[in-house]
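Chemist: Submitted below is the structure of interest, expressed as structure tokens.
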Amino acid sequence: YFCFANSASAATPLSGVLPLSKTLTKAASPYVVTGNVTQGSSGTLTIEAGVVIKFEADSTLRANGRMLANGTAVDPIIFTSIKDDTAGGDTNADGSASTPAPGDWGFILFGANSNLAHVRVSYGGANTWNNVFTEAVAAGAGEKLIIDSEFSHSLHAALYNYADSVKIVRSNIHDNET
């Protein structure tokens with residue numbers, strides 16, 4: 001028997017416009033975001049515990065409505081670079097030829113009444129939107145809650161709240177470029 005730690009991992013592509021009600025399941029994980037993925041302001045994007053979402057270069061995820069990303073301490077939700085083989089395996093199938101770096105992908109945006117718990121966000125912050133958003137996570141209008149989460153290795157600010165309020169509880173923000 002042979003075991004290869006960095007073997008290629010099948011992924012579910014995520015691109016274009018999402019339906020107003022969309023659930024990303026652990027069974028279909030990892031997901032790979034290609035380009036700019038958007039969801040309307042009246043939509044809800046639900047992400048199950050244990051889901052890994054990887055981003056190709058400059059890709060973004062705009063859940064303009066509500067994002068419910070409720071991982072657990074044992075099964076966190078991970079947003080990371082396509083080059084990060086430590087989460088979801090070697091989805092770009094290049095072995096050890098690439099390694100993740102700050103700015104590998106764009107950003108995540110979520111709107112009012114969103115909840116993120118036990119979420120890890122790494123290696124984002126590459127591009128801008130209207131020359132404003134250069135962070136890994138942008139929090140839109142309305143109340144938001146981020147709890148027990150980690151934001152690291154962003155090329156710019158890890159978090160940016162541009163409207164209303166966001167409550168951050170027991171979370172770690174570290175090793176970001178700015």
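Chemist: Tally Lys/Arg at +1 and Asp/Glu at -1 over every other residue whose Cβ is under 14 Å from the Cβ of LYS26; what's the total?
Modeler: Combined, the nearby Lys, Arg, Asp and Glu give -2.
Chemist: Let me ask you something else. Given the protein chains as shown and a 1.4 Å probe, how many square angstrom of ILE168 are accessible, to the nearest 10?
Modeler: Only protein atoms counted, so the area is about 80 Å².
Chemist: Got a sec to turn the phi values of the stretch 76-81 into Karplus ³J(HN,Hα) couplings, 6.51 cos²θ - 1.76 cosθ + 1.60 with θ = phi - 60°, whole Hz, x for Gly and Pro?
Modeler: 3J(HN,Hα) across the stretch 76-81, in whole Hz: x, 8, 10, 10, 8, 6.
Chemist: For ILE173, what residues show an amide H to amide H distance below 5 Å, using hydrogens built from the backbone and excluding near sequence neighbours?
Modeler: PHE151
Chemist: Can you bin the stretch 27-102 into rounded, prolate or oblate? Criterion: square roots of the alpha carbon gyration tensor eigenvalues sorted a ≥ b ≥ c, rounded for a/c under 1.5, prolate for a/b above b/c, oblate for the rest.
Modeler: Oblate, because a/c is 1.5 or more while a/b does not exceed b/c.
Chemist: Further question on the same structure: Enumerate the aspartates and glutamates that LYS26 could reach by cross-link, defined here as Cα to Cα under 12 Å, with residues fewer than 8 away along the same chain left out.
Modeler: The reachable aspartates and glutamates, counting only those whose Cα sits under 12 Å from LYS26, are GLU48, ASP75.
Chemist: Which far-off residues, 5 or more places away or on another chain, put their amide H under 5 Å from the one on VAL32, with H placed in the peptide plane?
Modeler: Answer set, sorted by chain and number: THR12, LEU14, LYS54.
The values are calculated or read from the model by the stated rules, or taken from the named source; none is laboratory data. Remember, it's a predicted structure, so these values are computed and weren't measured experimentally. A quick note on method: Cβ atoms are made from the backbone with ideal geometry, for glycine too, and the neighbour counts reach across all protein chains shown. Note: areas computed on protein heavy atoms with side chains; ligands, DNA, RNA excluded. Shrake-Rupley method; radii C 1.70, N 1.55, O 1.52, S 1.80 Å.
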